[in-house]
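Novice: The structure's right below; bear with me while I get my questions together.
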Amino acid sequence: MINHQNNKVNKLSIGLFCLVLFLVVLNIFTPLRLITDGIRYLNILEYFKGGLGNNSVAAHDVLPHGYPWLLYLFDKLHLPLPMAITAVNIFCVLLACYLLTKLLPVDNKLVFYSLVLLSFVNIKHFTLPVSDQLFTLCFVASIYFWFKFLNGQRYYIMAALVLTAAAICVRTAGIAIVPGIVLCLVYNNRAKLAGSKILTWGLVLLFVAAIALFIIKFSFFEAKIGYISQLNLDMMIREPSSIIGRLELHFKEIGEMTLNVPYSKLAGIIKVGGFDTAQYLLLVLGAITLYFAARAIGKLKLVHSLVFWVFLVYLVMIFLWPFYDTRFLIPVIPVFVYLLYTYVVRFVKARYVKASALLVYGSLGFLSLAYSDGISLNKTFFLSHYGADPGLTEKYRIHFENLKGKTGKTPTYNINDNNVLFLLENYDR
C-alpha cells in the first residue's frame, strides 16, 4: 500500500515538473523583452563592441561587467539573443536548485524544482536580459564548493574562489559570500573561541580594523561600489527611522513572493472602506513568512549551515537597500521555497492547510506562466500587455512591422537617437 502511494506521488511529481518545465521553456520564443537595466546591459555590450565610445554613459555605468561579457559571448556565437538569454536563465535556476538540494535535504526534489520555477518573480525574469538568475547560480555554486572545501575536500578551493569571483563580477552583492563564511566559522567554532582569549581578541581586532578601514576609505568604496553609493548611509545615520521604511518595502516584496502575485495585480482590488489595503496585507504576509522561515531554520537546525549564514548576510544587504524591486529576491527564492515547503510538509498536520497553500501558490504560478507564454508567443498579445510605457509599446509596434517588412525596407537606427529601436533591430532576431 505504501509503495503504491509512493509510486503515485512520484508519477504526479514527474508529471507536474514536466508540465511546468514545458510551459517555462515555451518562453524561449519570446521577442527581446527590454526593461531599464536590460537596456543598460545591452548598451554596455555595445560599448564592448565599439558601438559606444569611452565618453558614453555605458562606458561609466556602475553595473558589474560579468553579465555583459556573457551577452558578448552570445553575440560572438551568433545566437538568437532572446532565446539564449531565456534558456540560460532557466538553466541557471534549475542548476542552482539542484546544487541547493546537495546542501539541504529536500523531501521531493521535483516538487521543489517546480515550485521555484512557478515563482512569478522567476517567470517574469526568465526572459529578461538581466543578471539575477546567472548570479543565483554563481552564488549557490560558490556556497556549494566552499562547503566542500570547509568539510575537508581541499581540492575544491580553486572552484570556490573562481565562482566567488564570478558572483562578484556578475553582481556586487556576491561579496556577501565572504562575511557569510566568516560568520559561519565563528559560530561553529564559538566554543573554541570562548576558550581562547588570544583568538577572541584577535577576531575583535580584525573586526575593528575592517570597520576602521571602511570608514577611512569610505569615499573610495562609495566611488567604486555602486551598492554602497546608492545605500544612502548618511540618511540611515541621520534618520534611523528611515530603516523602518526600507524594511516595509522588503517585507512587502517577501509577501508578494509568498502569495506568488505582484502588488501591481492586487492594487485597487482589495479595499476596505475605499482604502487600498493590499500593500499592508502583503507587508503582514511578509512578516509572517519570515517568522515561519525562522521556525523552519530552528526545527531543521540550519543555523550551523553555511547556506544559512551566507543567505542571512545577503538578506541583510537587501533589507538595507532603499529601493523596491522583487528581482533582488531571486537568489533567495529557492531558499524560501525550501524552508516553507519543508515546514508545511513536515510540521503542518492539517492536510487542508497543506493543500490550500500549494493550491494558491501553484494556481497563481500557472496563471503567471500562461500570461508570460502569451506574451512570448503572440505579438498582438505582447503589444497589449507587455510593459506600462506607451512609448515603449509604440517602439515595439514599429519594430514588429519592420520585421514583417511592412515598411518596404529595414531601417538602420542610430544607437544615440533611437536607442531602443537600435537594440531591437540588432538583437531581436
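The values are calculated or read from the model by the stated rules, or taken from the named source; none is laboratory data. All of these numbers come straight from a predicted model, not from anything done at the bench. Quick reminder, even Gly has a Cβ in these numbers, built from the backbone with ideal geometry, and neighbours come from all protein chains shown. Ligands, DNA and RNA are stripped out before the accessible areas are found, and what is left, the full protein with its side chains, is counted by its heavy atoms. Shrake-Rupley method; radii C 1.70, N 1.55, O 1.52, S 1.80 Å.
Novice: If each residue of separation counts as 0.36 nm, what is the full-extension length gain between VAL348 and ARG295 once their alpha-carbon separation is subtracted? Can you show the working numbers first?
Specialist: Details: separation 53, 0.36 × 53 = 19.08 nm, distance 1.20 nm.
Extra length available between VAL348 and ARG295 comes to 17.9 nm.
Novice: Mind telling me which of PRO390, PRO262, PRO179 comes out most flexible in a GNM of the chain, alpha-carbon contacts under 10 Å?
Specialist: PRO390
Novice: Here's a follow-up. So how far, in whole Å, is the C-alpha centre of the stretch 372-429 from the one of the stretch 155-212?
Specialist: If we compute the Cα centre of each part, the gap is 47 Å.
Novice: So which lysines pass the test for LYS404, namely a Cα distance under 21 Å, with those fewer than 8 places away in the same chain ruled out?
Specialist: LYS379, LYS395
Novice: So, one more: Holding the Cα-Cα limit at 18 Å, pick out from LYS102/LYS124; LYS8/LYS109; LYS301/LYS349; LYS124/LYS265; LYS102/LYS148 the pairs that are longer than that. Before the final figure, lay out each step's value.
Specialist: On the way: LYS102/LYS124 27 Å; LYS8/LYS109 15 Å; LYS301/LYS349 20 Å; LYS124/LYS265 13 Å; LYS102/LYS148 11 Å.
Cα-Cα > 18 Å for LYS102/LYS124; LYS301/LYS349; rest within.
Novice: Under 8 Å for C-alpha pairs, at least 6 residues apart: give me the relative contact order for the chain, rounded to a whole percent.
Specialist: Details: 482 pairs, mean separation 90.2, N = 429.
Reported as a whole number, the value is 21 percent.
Novice: Evaluate the distance, in nm, between pseudo-label points positioned 7 Å from the Cα of LEU73 and of ILE157 along their respective Cα→Cβ axes.
Specialist: 2.6
Novice: Counting other Cβ atoms within 10 Å, which chymotrypsin sites (Phe, Trp or Tyr not before Pro) in the stretch 367-427 have at most 13 and lie in a DSSP loop?
Specialist: Working: sites: TYR371, PHE381, PHE382, TYR386, TYR396, PHE400, TYR413, PHE422, TYR427; in loops: TYR386, TYR413.
For chymotrypsin sites (Phe, Trp or Tyr not before Pro) across the stretch 367-427 that sit outside H, G, I, E and B with at most 13 neighbouring Cβ atoms in 10 Å, the list is empty.
Novice: Rank LYS354, LYS102 by accessible area, highest first, at a 1.4 Å probe radius?
Specialist: Working: LYS354 55, LYS102 100 Å².
So, going from the largest accessible area down, we get LYS102, LYS354.
Novice: Within the chain, what whole-number % of the accessible surface is contributed by carbon and sulfur, with the 1.4 Å probe and all protein chains included in the calculation?
Specialist: Values: 14870 of 21900 Å².
For the chain, the apolar C and S fraction of the accessible surface comes to 68 percent.
Novice: Over the chain, with a Gaussian network built from C-alpha contacts below 10 Å, which listed residue (LEU283, LEU73, LEU249) shows the highest mean-square fluctuation?
Specialist: Between LEU283, LEU73, LEU249, it is LEU73 that shows the largest mean-square fluctuation.
Novice: Still on this structure, please answer the following. In square angstrom, what is the accessible area per residue of the chain with a 1.4 angstrom probe?
Specialist: 51
Novice: With springs only between Cα atoms under 10 Å apart, run a GNM on the chain and tell me which of LEU199, LEU247, LEU99 wobbles the most.
Specialist: Result: LEU199 has the largest fluctuation of those listed.
Novice: Give the Cα extents of the chain along the principal axes, in whole Å, largest first.
Specialist: Extents along the principal axes: 80, 65, 55 Å.
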